[in-house]
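To keep things clear, I will list the structure first and then write my remarks on it.
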């Protein structure tokens, strides 16, 4: 189980997170929705300590750490229980696809080389990119890079994978293949927290949808509750705009 | 003005005789510059409190001093203060025991450190912040990320600039002539003190420096090609 309690974060005078708490059960897929600047990405980055929150606690499994005062040892432990998929992929430019997937296993977890290679190859095959294992990131398309990014996260068997707008840098044709892979991550029963603007993905895959705005959690519930019967006025406004925009494609 | 090939040949031979001094005056500063340059660049890139701003100020100030001026100042300081300094430390060496080439090496090392630090720092900034975050996200420590992800990406960017710094240091080493150190330039014009064939002497020095720097550049280009395999053509 993963629990974030009373997370607060501001950049200068600009308060991004006001007292945010989320609870995630094992195997859950949490989708966080919200307009730009609502603090979704910051929340995700605070969980992985890519950003240091100003207050709050984080519990992953048995371990509870203070989001502000965590020691570097605790931060490393948390990071080794989590994995992150970046909006702009952030593959290691100096490593091949296979080396990208192996890096965390070998250097951070000290898995023997042969085992790490086997596991990395299996994971690459699972995202459908075994043929590209010796390609450098600059030789891969955006969608392929993001699938390697997902393989790099999944191979670590983390307790939770954090997805930060994994498809928003992709062109529309490549979004599908990437979402399919993310969906199969969910089917593996891996706990995920996903920040996305893909509404249909949220509807299909999420076990819980969280709507954030202005650094607050406005509303949370099952996809059916949020999309069909939103309670808060702000949620209705946001969804009305997004969904009418999505329907435009079908006209 | 005539050109006497015999005098020219004498000058080349005399210059080559002092090539080891030029090697000392370039390779030691290059090595010191690389080590200190990397260290200072890392301190500044990671914004280590206290040291980063201090070093930034020192380097900016030091880069404003011409090499000749620095050399003169160190030489004078050395001559004025070394014996007293040795006495304070109860060292039984005097000024005469120290080869002045070390003053040249010292001054060139400081200059090489400043220039190389700037090149390396620039190369660090060319690596996207996301590369650090990706390293941390798969559970690497800061040091592991630096060693396995960042430095391998910094080197190919820094190499062309460092080659420039190295060639600059080779050519800069000729300036130590002003404090009486004999290296390739001073060595090449030694025969001219008898024959007055200064023109041949300077041409000889130019030729030796030219060959030396060409060799260094060729070598650097080879290394650059090796590190380039993963880089986009357009970066």
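Where a number appears in this text, it was derived from the coordinates with a stated rule and is not lab data. Bear in mind that the values here come from a model prediction, so they are computed numbers and not experimental data. Here Cβ is always computed from backbone atoms with ideal geometry, including for glycine, and neighbour counts include all displayed protein chains.
Please order B:3, B:212, A:84 by the number of other Cβ within 10 Å, starting at the fewest.
The most exposed by this proxy come first: B:3, B:212, A:84.
For residue B:27 and residue B:222, compute 0.36 nm times the residue count separating them, minus their Cα-Cα distance, and round to one decimal in nm.
Between residue B:27 and residue B:222, full extension yields 68.3 nm more.
How do B:196, B:202 rank when sorted from fewest to most other Cβ atoms within 10 Å of their own Cβ?
Fewest to most other Cβ atoms nearby, the residues stand as B:196, B:202.
Is segment B:25-181 rounded, prolate or oblate when judged by the Cα gyration tensor, a ≥ b ≥ c being the square roots of its eigenvalues, rounded requiring a/c under 1.5 and prolate requiring a/b larger than b/c?
It comes out prolate by the Cα gyration axes.
Going by a ≥ b ≥ c, the root eigenvalues of the Cα gyration tensor, does the protein assembly as shown fall in the rounded group (a/c under 1.5), the prolate group (a/b larger than b/c) or the oblate group?
The shape class here is prolate.
Hey, fewest Cβ within 10 Å first, where do B:102, B:210, A:126 land in order?
Fewest-to-most ranking of B:102, B:210, A:126: B:210, B:102, A:126.
Report the relative contact order of segment B:114-202, percent, no decimals, based on alpha-carbon pairs under 8 angstrom and at least 6 residues apart.
Across segment B:114-202, relative contact order equals 24 percent.
Rounded to the nearest 0.05, what FRET efficiency do residue B:211 and residue B:6 have when you use their Cβ-Cβ distance and R0 = 22 Å?
Efficiency, rounded to the nearest 0.05: 0.60.
Compute the FRET efficiency between residue B:99 and residue A:118 as 1/(1 + (r/R0)^6), taking r as their Cβ-Cβ distance and R0 = 45 Å, and round to the nearest 0.05.
Computed FRET efficiency for residue B:99 and residue A:118: 0.15.
Quick one: angle between helix B:19-45 and the longest Cα principal axis of chain B, in degrees between 0 and 90, rounded to 10, please.
Once rounded, the angle reads 20 degrees.
Can you give the FRET efficiency to the nearest 0.05 for residue A:62 and residue A:15, using r as the Cβ-Cβ distance and R₀ = 25 Å?
0.20
Relative to the longest principal Cα axis of chain B, at what angle does helix B:198-226 sit, 0 to 90 degrees, rounded to 10?
20 degrees
Using alpha carbons only, how many degrees (0 to 90, rounded to 10) separate the axis of helix B:67-88 from the longest principal axis of chain B?
Long axis of B:67-88 versus the principal axis of chain B: about 90 degrees.
For chain A, calculate the relative contact order in percent as a whole number, restricting contacts to Cα pairs under 8 Å that are 6 or more residues apart.
25 percent
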